[in-house]
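The numbers here are math on the coordinates, done by the rules we state, and not lab data. None of these values were measured; they are calculated from a predicted model. Glycine gets a Cβ as well: all are built from the backbone with ideal geometry, and neighbour counts include every protein chain shown.
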């Protein structure tokens, strides 16, 4: 069975790895081995390269492992969650701004569902999200992500 990978969705990650490598090159002398950073700048740059490579690997694994219909269902559920919660937060700009950051992450395929659920729990605990709305959006997430 052939696997088709949407390379376009990986381009931001590939670019991030390239940018991190450019930073590492800029703080490394041509005679040094990049695999053995010695200065604090080199060590920080190498850590960033490793972080970005790890994210690229995770995204690639997601594309290879997760069925497209499952990814579509998850994305649809998250869109519904963001729409419903944003209506509840229309008078709370800081909470709405945070929700928009989660929405942007989800749009870039970098959603952190456990953190999003924690954020929603905090909104409910802080009485910013009514109980009924909280239950509905949490049920959407649990169902879509098989939690």
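Quick one: would you say residue 145 is in contact with a helix residue (DSSP H, G or I) (Cβ under 9 Å, 6 or more places away or on another chain), at negative phi and surrounded by fewer than 11 Cβ atoms within 10 Å (Cβ to Cβ)?
Considered against the rule, which asks whether it is in contact with a helix residue (DSSP H, G or I) (Cβ under 9 Å, 6 or more places away or on another chain), at negative phi and surrounded by fewer than 11 Cβ atoms within 10 Å (Cβ to Cβ), residue 145 comes out as no.
In the stretch 99-108, what residues are surrounded by fewer than 18 Cβ atoms within 10 Å (Cβ to Cβ) and touching a helix residue (DSSP H, G or I) at 6+ places or on another chain (Cβ under 7 Å)?
Across the stretch 99-108, the qualifying residue is only 108.
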